[in-house]
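Notes for the one structure printed next.
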Amino acid sequence: MSNGELLQIHPVELQFTFELKKQIACSLQLSNKSDDYVAFKVKTTNPKKYCVRPNTGIVMPRSTCDVIVTMQAQKEAPPDMQCKDKFLLQSVIVSPGTTAEDITPEMFNKESGNHVEEVKLRVAYVPPQPPPSPVREGSEEGSSPRASISENGAEFHNASRTYAESQDNSSETKALILKLSEEKKSAIQQNNKLQQELELLRRESSRRRGGIPFMYVIIVGLVGLFLGYLLKKT
């Protein structure tokens, strides 16, 4: 922090996290510890490269004011990341009630007899922070994160295969139960059919016991015809 007579400035070095083709901003805080109205003006050696908002203003007594300095997107990085640009902050006591619209260039003219305080500010480029590692920290000692990932993947694969096998076994079990049920139903139907045929045979046998069996009559008739044929031939 620069402790001037009129304003305290923080920081005294403007640090920009340098990245190509990207606008970068940093802030300045101006603190007025006095009971006077203080007007300020910010100048730079490279006005086309930087945008300062506000570049002029009033800092009320016992108050602060923030100034945003934006560096335009750069196409090339400077050699060794060194920057020769500088800023100059001018401040002067003004009458109470003065507003930013009342500020004129004449207020910061030393030749007019005004007491103008000037503070030079340096510019520094800071390399960007590397991206955080995607691998979680705090893994067990003696085991690498990649090994843990591989083990987790193997466990997931084994669990998936076990689940698939259980699903296949379940399907085979259901198919076997359905087949056995159909075979049982078919056996019951065949058993009923055999019971019916057996009952018909029993009835037929009962009718034959009451007289000469019909088949016996047919056999006797055939034998008689055969004997008659032989007698005629001889």
**Item:** Dipole magnitude of the stretch 64-106 about its Cα centre (Cβ charges: Lys, Arg +1; Asp, Glu -1), debye to nearest 20
**Value:** 200 debye
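Mind scanning LYS33/LYS110; LYS33/LYS75; LYS22/LYS110; LYS75/LYS110 and naming the pairs with a C-alpha gap bigger than 32 Å? Can you show the working numbers first?
Working: LYS33/LYS110 23 Å; LYS33/LYS75 41 Å; LYS22/LYS110 38 Å; LYS75/LYS110 38 Å.
Pairs exceeding the cut-off: LYS33/LYS75; LYS22/LYS110; LYS75/LYS110.
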**Message:** Sort ILE9, ILE103 by heavy-atom solvent-accessible area, probe 1.4 angstrom, most to least.
**Reply:** ILE103, ILE9
**Equivalent ellipsoid semi-axes - Cα gyration tensor, the stretch 63-132, angstrom** = 35, 16, 11
**Message:** A 22 angstrom limit on the alpha carbon distance is what I want to check against. Which of LYS21/LYS43; LYS21/LYS120; LYS48/LYS120 exceed it?
**Reply:** LYS21/LYS43; LYS21/LYS120
**Item:** Förster radius 22 Å - calculated FRET efficiency between ASN114 and ASP36, Cβ distance, rounded to 0.05
**Value:** 0.95
**Prompt:** So which lysines can LYS184 reach, going by Cα to Cα under 30 Å and dropping same-chain residues fewer than 8 places off?
**Reply:** LYS174, LYS193
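Gain in length, GLN129 to ARG62, computed as 0.36 nm per residue apart minus the alpha-carbon separation, to one decimal in nm?
20.5 nm
Which FRET efficiency, nearest 0.05, do THR98 and THR45 yield, Cβ-Cβ r, R0 30 Å?
Efficiency, rounded to the nearest 0.05: 0.60.
The values are calculated or read from the model by the stated rules, or taken from the named source; none is laboratory data. If you're wondering where the values come from, they're calculated on a predicted model, not measured in any experiment. We place every Cβ from the backbone using ideal geometry, glycine too, and count neighbours over all the protein chains shown. Only protein heavy atoms, including side chains, enter the accessible area calculation; ligands, DNA and RNA are left aside. Shrake-Rupley method; radii C 1.70, N 1.55, O 1.52, S 1.80 Å.
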